[in-house]
Structure formats: C-alpha cells, structure tokens
Amino acid sequence: MPDVYYETAAVVITLILLGRLFENRAKGQTSEAIRKLIGLQAKTARLIRNGREIDVPIAEVQIGDVVLVRPGEKIPVDGEVVEGTSTIDEAMVTGESLPVKKQPGDEVIGATINKTGSFKFRATRVGSDTVLAQIVQLVQQAQGSKAPIQRLADSVTGWFVPAVIAIALLTFIIWFNFMGNITLALLTTVGVLIIACPCALGLATPTSVMVGTGKGAENGILIKGAESLELAHKIQTIVLDKTGTITQGKPTVTDFVTVNGTANGNEIKLVQLAASVERNSEHPLAEAVVRYSQSQEVQLADVKDFEAVAGSGVQGIVSSRLVQIGTQRWMEELGIDTIALQQDKERLEYLGKTAIWIAVDGKIQGLMGIADAIKPTSIQAVRALEKLGLEVVMLTGDNQRTAEAIANEVGIKRVLAEVRPDQKAATVQKLQSKGHIVAMVGDGINDAPALAQADVGMAIGTGTDVAIASCDITLISGDLRSIVTAIQLSRATIRNIRQNLFFAFIYNVAGIPIAAGILFPFFGWLLNPIIAGAAMAFSSVSVVTNALRLRNFKAKAIV
C-alpha cells in the first residue's frame, strides 16, 4: 500500500506558521530600543503663565514657554535654564552615568530626569525638533538601511532561488527515471523546496543591524546608517580635532600682555576693542575673549564690517579703528610686525597655551594666552584606541608647539598642526591615499568638510549642528570613550551578522542533499517533509534569536 501524506501537508503549514510566529515575536524585540526611547518622554509639562502654574499636555508646549521642573520629575522638552540650579540625570539620552550640574544659561534635554533642585527653563525646541525626537528618527532611519554585507546576502539569494528550483527539478527527474516511483520523486522534490527557503538569509543582516543601532542609541551613540556601523570595525587611523574634542572646548584667557605705551596705556580699552569684534564669532577662542571681558566688567561696543577669515582670525571696525585678532601667520600675511611680543608668545606656547595676537590700525597692540583644559577622559580614551590597534592622530589649526604640548599630555604620538579648516579635508584625504580606513572626530563648523571626507565621520554631540549633519556617527555625550564603544559595537555586530549567515547557509548546505535523497541508496532513509518544514522554520528563528544576543552588549573596559 502506498504511504498517505495528508497529515504532512497540514503539519508542514503549521510548522511554517509557528516558525513565523516565533520569528515575528523575536523581530519585535529588536525594536525595543525605539520603544524605550519613546517611553522616556514626559506626558505633561508644568508651565508658568500669567504668574500661575498650569499642567498641560506636552503637545501644547510652545517655544518660549517657561517650564517649572521639580526634583524627581522628567524634563518635558529641550530648553535653557533661566532660574535655579540642579543636577540632571542624562544617562538615558547621552549614556553619561554621572548627573550633570545645570545653572542659568545651560541647556537641558527633554526626557532627562531632574535629581535635586527645582528650576525654571525656557523651551527652545518642542515636538519633532527635540533631541529625543531626532534620536528616534535617526535610529529608525538606521534600522531601515542596508549594510554593504547585506548586498552580499541579496546577491547570493538572487542565484540561490533559481538554483534550488533547478535542484528540485533534477531531483524529481532522477528519482522518477531511476526508480519509476512518482511518490518518491514528489517527496524528495517537495523536501528540497521546503528546506531551502531563503528566509534566514534575508533576516541575517537586518535583524543584527536593528539591534546594533538600537544598542548604540542606548549608549549615547547615534548611527545614521548600517554602512557606518559596518565600516567602523575596519577603522585603522582615527583623527581627533583638538579644541572641543580632546579638550573641553571652553578655553579661558590666562594671560594678557600689551605693548608698552599702546592704547594710551589703557589695557581695558584694548580688551573692549578685541572682545567687541570677537563677540561676532562662534569660535571657542572668541568666546574665551568675550568671557574675559565680562569678568573685567567691560562694556562692549558696536562693530562694523565684521569679517571672519577661516583658520586665521577675525576683524572689524570699532569706534573708527580697524581691529584684527588672530594667528601670527595671519599677522605676517597682513604685513604686521610681531617682534615686540615674540618672547611672550614663545613662553605661552611652551606652557601649552594658544597665543592670539591683537592688532589695531595695522600695529600689534597685545597678546592673549588662552588655555583649554583637557577632558578628564581623553587620556584614557586615547590609550584604549591605541590598544584596539588604531593609529591616533591629532589635527589642529593651532601652532606646532602648543599642539605638541597637548598631544604629549594625552599620549598622542602623531600631530598635524597649523592646518587651516579648508586644508583639513585634504589632510584626511592624504591619509586615505595610503590605503587606510580613516575616521575623523570633530565638533566645529570648520570640521564639517573633514567629517564628510573621512570614511567614518564622528561628531561630538555637544558641537555645532553643521558638524553633526556632516557625520556618520554622533557621540551625544562628547566623551571620547564613546568612540571605543562605537568600534566595539561595530565589531560585535559584524561578528553577529557572520554568525547569522553561517546559520542560514549551514541549514541549506546540509539539508538540501539530504532532502534530495542522497542517503536513500545507502540507508533507505528519506527526509520527512515535516522535519524539513521544522528545520526551515527553526533556521529563521535561530538567526533572529542569535541577533537578539546583541542586546546584552556591554563595552569592554580597556586599561
């Protein structure tokens, strides 16, 4: 009597649907990071309107509204503190474990938690413009993108499907011609078609990318696309900007020297001229000069014909006098003699300070020494990057002596100094021409071309919007150790994808010959279609389950 396989058809369909159920449940967990981020947002905000406190839904908060936040409450939207001081837990957004002190003038991020004091802040970004909303959008965009390794899987699938159909037809022809048994021929053909389903191949890369980018967001690392996530594990040379990246980006004036008898002996007048011009610049050194003038209680004047010369300095007309502030190289290009303060300049640079020259009406009048404190974690981050096998390079527009002093302090051996903003991209390109995969880390407008030129551009989240828009990866906290975490996450994700591809291929390599009946002539054993269906379903489930292991990723401390 011939075998009857009515129940097989029902069981195979059941197993395939069951496998899809498990697969969809597992894939749903890959978006856990998105759900967590969305869940961070506060539901209401306490506004101060007409001297009264009112609670409104967060959707009704408008730019300019003054919001009151009490201890233990979530900050509803982004804004600037206008009254009160407190410490804020920003770990859920930036990955920074220690609370950050906030006072009037400081920015606060929506969805972070107020720890100690009460304060009021003015809303500056609401709705889809908040940092949290942009993070969610970037993560969703990255999770929907394709990594280069996915194209390999797609191309394999392109020839895999017709190859399987050809094998199935060949299997039917061989068994029907040799055995004359239509049942045997159909069984083996159906077994090949069931077990060779390429679902696992299609899931191998996207699931790992979804979990990897989500895990990056949890650690304060925003990855714009799967290609950046994959490429990060290949980085060989990493270029670090100095100001705002290695250093705090909040330089302060430590020395102020004037030429004897200049400015009518009135140093305060010279500070006024310099700070009035610098007020129009976004450069961190300019901010240092303005803060110094504020500490001296100097009243700033109006400026006409302001001009910023990239990588050189700034100039403008103040009270009918031409004021120029910048580098010694620029002063020499302008034909201005700097000999009077050369000894002071060399002393400042020896101490690792940046010297900026002040000229009035074409003559040198003063020199300021500006120091920028190194971030506490920079030394540890540089050491960790070198232990990962990366060459670390410092790139700066500062003079050679000052740059080397900073580099020696953090342990960087290679320094590229006195590089203008328009030359930074060319410098990165020169490193790439040697066959290196180069990453660039920066925070300023002048870093944007170099970030775009690099194989992987990483922007400090505390930097300018232009720099962040030009990069592939954003480090929200500004901690350079996040670079190490990003590289480790990339390596873990690529390793996970390769494991998934192995699982996807091994089922087919081992299962197709067995399903075709290669063991039947020797042992009389055929692969039951039920087992083929179960194996096919399990291959997809195993791939997604393996990808979910990335949720347990933790950056390894390198000392």
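Odds and ends about this structure:
- Descending by average beta-carbon neighbour count within 10 Å, the peptides 400-407, 471-478, 432-439 line up as 471-478, 400-407, 432-439, the highest first.
- A convex hull fitted to the Cα coordinates of the range 342-492 yields 127 cubic angstrom per residue.
- 3J(HN,Hα) from dihedral phi, the range 512-523, Karplus parametrisation 6.51/-1.76/1.60, rounded to Hz, x for glycine, proline: 4, x, 5, 5, 6, x, 5, 8, 5, x, 9, 10
- Cβ-derived FRET efficiency at R0 35 Å, residue 161 paired with residue 430, nearest 0.05: 0.15
- Relative packing of 330-339, 530-539, which averages over residues the other C-beta atoms within 10 Å, highest first: 530-539, 330-339
- Long-range tail of P(r) for the range 254-356 (Cα pairs > 18 Å, %): 50 percent
- Cα-projected label distance for residue 551 with residue 43, points at 7 Å along beta-carbon direction, nm: 2.4 nm
- Database remark: amide H of residue 366 closer than 5 angstrom to the amide H of 259, 358 (H placed geometrically; neighbours at sequence offset of 5 or more, or on other chains; Pro and chain starts carry no H).
- Here the 3J(HN,Hα) profile of the range 329-342, calculated from phi with Karplus coefficients 6.51, -1.76 and 1.60 at θ = phi - 60°, is 4, 5, 4, 5, 5, 7, x, 8, 6, 10, 4, 4, 10, 4 Hz, Gly and Pro shown as x.
- Extension gain (nm, one decimal) between residue 236 and residue 344, 0.36 nm per residue minus Cα-Cα: 34.9 nm
- The range 288-305 residues near the modelled residue 268 label - backbone nitrogen below 19 Å, point 7 Å along Cα→Cβ: 289-302
- Protein-only accessible surface order, largest first, of 297, 73, 227 at 1.4 Å: 297, 227, 73
- Under 19 Å from the Cα of residue 413 - aspartates and glutamates, other chains or at least 8 residues apart: 241, 349, 386, 391, 398, 404
- Reported to the nearest whole Å, the Cα centre-to-centre distance from the range 178-209 to the range 267-336 is 74.
- Taking the 1.4 Å solvent-accessible surface of the range 396-462 as the whole, the part contributed by carbon and sulfur is 46%.
- With a threshold of 25 Å on the Cα-Cα distance, the over-threshold entries among 74/556; 74/224; 74/101 are 74/556; 74/224.
- Percent accessible area from carbon and sulfur atoms, the range 205-299, protein chains only, probe 1.4 Å: 41 percent
- Shape of the range 209-251, Cα gyration tensor, a/c cut at 1.5: oblate
- Under the Karplus curve 6.51 cos²θ - 1.76 cosθ + 1.60, θ = phi - 60°, whole-Hz ³J(HN,Hα) for the range 378-386, x wherever Gly or Pro sits: 4, 4, 5, 5, 4, 4, 5, 5, 5
- The packing ranking of peptides 309-317, 275-283, highest mean first, is 275-283, 309-317, where packing means the average number of other beta carbon atoms within 10 angstrom of each residue.
- Residue 128/residue 54 FRET efficiency (R0 22 Å; Cβ-Cβ; nearest 0.05): 0.40
- Computed with a 1.4 Å probe on the full set of protein chains, the accessible area for residue 125 sits at about 80 Å².
The values are calculated or read from the model by the stated rules, or taken from the named source; none is laboratory data. What you are looking at is a predicted structure, and each value in this text was computed from that prediction instead of being measured. Glycine gets a Cβ as well: all are built from the backbone with ideal geometry, and neighbour counts include every protein chain shown. Ligands, DNA and RNA are excluded from the accessible area calculation, which covers all protein heavy atoms including side chains. Shrake-Rupley method; radii C 1.70, N 1.55, O 1.52, S 1.80 Å.
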